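Notes follow the structure.
The values are calculated or read from the model by the stated rules, or taken from the named source; none is laboratory data. This is a predicted model, so every value here is computed, not measured. Using ideal geometry, Cβ is built from the backbone for each residue, glycine included, and neighbour counts are taken over all protein chains shown. Side chains included, ligands, DNA and RNA excluded: accessible areas come from the protein's heavy atoms. Shrake-Rupley method; radii C 1.70, N 1.55, O 1.52, S 1.80 Å.
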Amino acid sequence: MESEAFKALMEISAATQLDPLVKEVLRVAGSVEPRPASISRDLVLRAAEHLDISGRNVETEHAGLGHRRRFAEDLESELEVLADPTGKLGTAGAFDDFLHYFRNRFDKMSLIFRQRMDTRNAGTISDALSGGSNGRGRFICMVLDKREKGDRIFLTVDDYEDEATVLVGRQNPTVYEMARKIVRDQVIFIQARKSAGPLLIAESIVLPEIPDRKPGHASEEIYAALISDVHVGSKVFLEDEFRRVLSWLKGEIGTPNQREIAERVKYILIGGDLVDGIGVYPRQEVDLAVPDIYEQYRLAAKFVSEIPEYVEVVLIPGNHDAVRQALPQPAIPKDFAGPVYDSRKIVSLGDPAEVRLHGVNFLLYHGTSLMDILSGVPGLDYQRPVEVMEYQLKARHLSPEYGKMTPIGPEQEDFLVVERVPDVFTSGHIHVSGAGVYRGTTIVNSGAWQGQTDYQKRMGLVPKPGILPVVNLKTLDVKMINFH
């Protein structure tokens, strides 16, 4: 028997009798072809799942007066929806819609800048241009275009009244590095000097940024588990690993410390791509085990129904779900996800959404634009998702550049501006989990439950699936539990 298998056997036997479990392990090992030379951890877990299916394990644990109530079971839910785009969307994509959209973005960002001590006295581009040679100007602007020529960067910027070209040279390395990371359509603050001609020379560039602050905390030690990118229906959906998560939530597997956490999980936040969808990327059909979207949601409902009843489940869509592709997305409609909604109580919201759990504000975003940011901002790497999400908080926008691979609906309001600073900011989409803290905000990417697809191989993307982040709402510490 392998050492990891022995550990698993000891952990699982804490919740059931050892004898039947050992017999089942031997039976499973005897039915595998070719016969294994040793007992692996996977064989032990498979045997434990068989016992659970037959009901013996669960019955002994939950029968009658012997069932010990769990900490989260006796805790009242404190879930408040702070923001949800569902029901507020609808655009014809006419010229005026785009005008409204970008003006709303500019107005929201300007308000953020005017709340800061160092940028509140901003003037306009016109003031800067009319200042005479070597005159100074301070203004809030939107970046229309960016061109790099040798060691110089030219930004074309505008506001409501005027347009200007701003030169950034290498002689000021801090400003130059900042300009390299600027993308089109971003709203920024610039302090510039007027040249002899019509050119403005940047002396400083400021992003809207989030303030350094103390986040909200729950008064009791309770947990939110963050799941995204399950991709039910994919050939490489990690069903065994995902079933282990469900077994852990029910208190059937895990180390003593992990079981203690499971008892305190009150919230599960599903951050999109619950199913693999149909026709999301070229030749997706070769990656599908279930080529029917309705059947995918029916299968997903079976998994969701196994989450303990006392746990609150929040669901937002992703780019693989059966909903409009343009951001912001409304909640997944009942026409498709009906079986999921019927399987248990679900709080279904759009993407992005904001919720407050026991006094902790969460910004939930699937993360569709993360690849756009990775391709447009030098120095970022998709294996380090926390840094990409950090950039979104600095920009105070979930998808700063318009018109790349991420479709965005030109709504009357820009729902992707980060107006309220979150205590926890969570995304998925790039299938690599990670956690960190930036200026008091806890950042978590919830990874995935899908192995590498042929499409990802062609794109050179290497996922790191099977890891579940759980957030302690009292301390905001993040634990990564590996179910792979």
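If you scale each eigenvalue of the Cα gyration tensor by 5 and take the root, what three semi-axes come out for region 331-484, rounded to whole angstrom and sorted largest first?
In descending order the semi-axes read 22, 20, 20 Å.
Which value, in Å to one decimal place, does the Kirkwood hydrodynamic radius take for the chain when every pair of different Cα atoms is included?
Here the Kirkwood hydrodynamic radius works out to 24.5 Å.
Taking H placed 1.01 Å from N in the peptide plane, check which residues at least 5 places from residue 186 or on another chain put their amide H under 5 Å from its amide H.
Distant-sequence amide H within range of residue 186: 143.
Could you tell me which of rounded, prolate or oblate describes region 320-376, using a ≥ b ≥ c as the square roots of the eigenvalues of the alpha-carbon gyration tensor, with rounded for a/c under 1.5 and, failing that, prolate when a/b is larger than b/c and oblate otherwise?
Cα axes put region 320-376 in the oblate bin.
When averaged across all projection directions, what area in nm² does the alpha-carbon convex hull of region 97-182 cover?
6.4
As a test, work out the antiparallel percent of DSSP beta bridges whose residues both lie in the chain, rounded to the nearest 5.
Looking only at bridges with both residues in the chain, the antiparallel portion is about 70 percent.
Say R0 is 56 Å: what FRET efficiency, to the nearest 0.05, do residue 412 and residue 13 get from their beta-carbon distance?
0.40
Can you give the translational diffusion coefficient of region 186-257 in µm²/s, computed by Stokes-Einstein from the Kirkwood radius over Cα pairs at 4 °C and 1.567 mPa s?
In µm²/s, the coefficient is 69.
Please compute the length gained on full extension between residue 50 and residue 31, using 0.36 nm multiplied by the number of residues separating them and subtracting their Cα-Cα distance.
Result: 5.5 nm gained on full extension.
Quick one: in region 261-382, what % of C-alpha pairs are over 25 Å apart?
Of all Cα-Cα pairs in region 261-382, 30 percent lie more than 25 Å apart.
Once every Cα of region 138-242 carries one equal point scatterer and solvent is ignored, give the base-10 log of I(q)/I(0) from the Debye formula at q = 0.15, 0.19, 0.20 Å⁻¹, two decimals.
The Debye formula, applied to the Cα set alone, gives -0.68, -0.89, -0.97.
Roll a 1.4 angstrom probe over the protein heavy atoms and tell me the percent of accessible area of the chain that is carbon or sulfur.
52
If you roll a 1.4 Å probe over the heavy atoms of the protein chains, what accessible area per residue do you get for region 175-325, in Å²?
35
Tell me the mean residue ellipticity at 222 nm calculated for the chain from its helices only (DSSP H runs of n ≥ 4, each -39500 (n - 2.57), averaged over every residue, nearest 500).
The per-residue figure over the chain is -9000 deg cm²/dmol.
If DNA, RNA and ligands are ignored and the probe is 1.4 Å, what is the ranking of 50, 320, 366 by accessible area, most exposed first?
My answer, sorted largest first, is 50, 320, 366.
Could you give the distance between the Cα centres of region 150-177 and region 267-320, to the whole Å?
Each part's Cα centre sits 44 Å from the other's.
Charges on Cβ only, +1 for Lys and Arg, -1 for Asp and Glu, centred on the Cα centroid of region 354-427; of 416, 386, 364, which one is farthest towards the dipole's positive end?
Value computed over the given set: 386.
Residues of region 350-484: accessible area per residue at 1.4 Å, in Å²?
Each residue of region 350-484 exposes 31 Å² on average to a 1.4 Å probe.
Set the Förster distance to 51 Å, then compute FRET efficiency between residue 283 and residue 214 from the Cβ-Cβ distance, nearest 0.05.
0.55
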